[in-house]
Amino acid sequence: MTKNRSNTETSFDIVLGFDMETDIGSFTPFYEGVKKGTLPLLKILKKYNARSTFYWTGHAAENNPDMLLHVSNEGHETGCHGLFHETLGDALFPLPNNWPILPSEVEGRLRIATNIIKKISGKKPVSFRCPRLWGSTTVVNVLEQLGYISDASFPLYFYQKPFIPYNPSSADWTRPGKMKIVEIPNFCDLMMKSKDPYNRDRDQWPLFRTQSAKHLMKKVEGYIEFVQSNGHRPVVCFYLHPWEFYKMPQGTIDFGECSVKPLPFIVKNCGEKALKEFDILCGLLKQKGGRFLAAGDIAKSVNAKA
């Protein structure tokens, strides 16, 4: 007979990562999400005692220092998301007018961003995530040189393995190796048959608000089952953004010389609907037996077992 799990036993770990950036990623210069979406988000995290990691771009930190300190004072980890919301690593699919930073520029930009966040927060960040999850071998090597212990840039939907946190190779960040930094894959649906050339339909984002928390939770449960069946403790890493929790423009955004019109799914249900579904998702994760940890906590745990 199978023993019932106790209420205090956890069966998997959860990393809630929030990319603190301009509204709608690279497509606007505004910070309405950081300014007005972060506070209601923090209330939900407090409700579930969900310690999380907030990844700040250097520019977002400089333009919202009071909010960065407020989030930090709530007990959450302060991480880094680059200097601007720019392509630091290997581009996975084409985006117009969005060329990757040259490898020779990566160290300088990450050093500047790290110092900005350290100056504002009073503590050097040790957890990182690349914009769009577009990381690279160059990026992880620079991060290790700068003293980072975790990187949550790995897009599992694209590479499909490894599916648990690992120490990457200095020659190929997508393979296990002997580096000290810990790479944390962002979970996806590994069981479905993809119809997209880049496997983007396997991805988790932004299903919690475009579909529902329950819809996304089914994918979480499938991922947990897959990882456990392979003999590992699952780490379910999410990537979200503060602008998702404040109503975003639904049509064309005019900038004078040009205009931007995000595809409908990008901004669908941002605001109250997203907050409601995120609240439900946190409850379902906790009910399932999950334990909320910051990315840095995961890295320390992995290296402690090595």
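Sorted from largest to smallest, which semi-axis lengths in Å does the alpha carbon gyration tensor of region 18-132 give for its equivalent ellipsoid, taking the root of 5 times each eigenvalue?
24, 16, 12
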Problem set entry | Antiparallel DSSP beta bridges within the chain, as percent of all bridges there, nearest 5 | 20
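When each pair of different Cα atoms in region 92-132 is counted once in the 1/r mean, what is the Kirkwood radius in angstroms, to one decimal? Working shown, then result.
Details: mean 1/r = 0.0827 Å⁻¹.
Every distinct Cα pair counted, the radius reaches 12.1 Å.
Which residues make up the longest stretch of the chain clear of GluC sites (Glu not before Pro) that lie in a DSSP loop with no more than 13 other Cβ atoms within 10 Å, not counting the sites? Display every interim value, and only then the final one.
On the way: sites that count: Glu9, Glu257.
Looking at the chain, 10-256 is the longest stretch - no exposed GluC sites (Glu not before Pro) with at most 13 other Cβ atoms within 10 Å.
Could you give the DSSP H helices of the chain that reach 20 angstrom or more along their long axis (alpha carbon positions) and whose average Kyte-Doolittle hydropathy is no lower than -1.0? Walk me through the intermediate numbers first.
Numbers: long enough: 32-47 (23 Å, -0.14); 103-121 (28 Å, -0.20); 213-229 (24 Å, -0.28); 272-288 (24 Å, -0.19).
Qualifying helices: 32-47, 103-121, 213-229, 272-288.
Once you have the alpha carbon radius of gyration of region 216-278, what is it after dividing by 2.2 N^0.38 Å, with N set to its residue count?
Details: Rg = 17.2 Å, N = 63, 2.2 N^0.38 = 10.6 Å.
Working it through for region 216-278, the quotient is 1.62.
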Exercise. What percent of all Cα-Cα pairs in region 12-305 falls in each 10 Å bin, counting up from 0?
Worked result: 6, 30, 39, 22, 2, 0
Exercise. Hey, got the dipole for region 12-305? About the Cα centre, +1 on K and R Cβ, -1 on D and E Cβ, debye to the nearest 20?
Worked result: 920
Problem set entry | Calculated SAXS-style log₁₀ I(q)/I(0) at q = 0.17, 0.22 Å⁻¹ - region 103-239, Debye, Cα scatterers | -0.95, -1.29
For this session: Output the Kirkwood hydrodynamic radius of region 167-306, Cα pairs only, in Å rounded to one decimal.
Result: 17.4
Exercise. So between Lys276 and Glu257, what do we pick up on full extension, going 0.36 nm a residue minus the alpha carbon distance?
Worked result: 3.2 nm
Problem set entry | Kirkwood-Stokes translational diffusion coefficient of region 84-171, alpha-carbon pairs, 4 °C, 1.567 mPa s, µm²/s | 94
Problem set entry | Solution diffusion estimate, µm²/s, Stokes-Einstein, region 161-230, Kirkwood Rh from C-alpha pairs, 25 °C, viscosity 0.890 mPa s | 181
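Bear in mind that the values in this text are calculations on the coordinates, not laboratory data. Just so we're clear, the structure is a prediction, and the values are computed from it rather than from any experiment. Every residue, glycine as well, gets a Cβ built from its backbone with ideal geometry; the counts of neighbours run over all protein chains shown.
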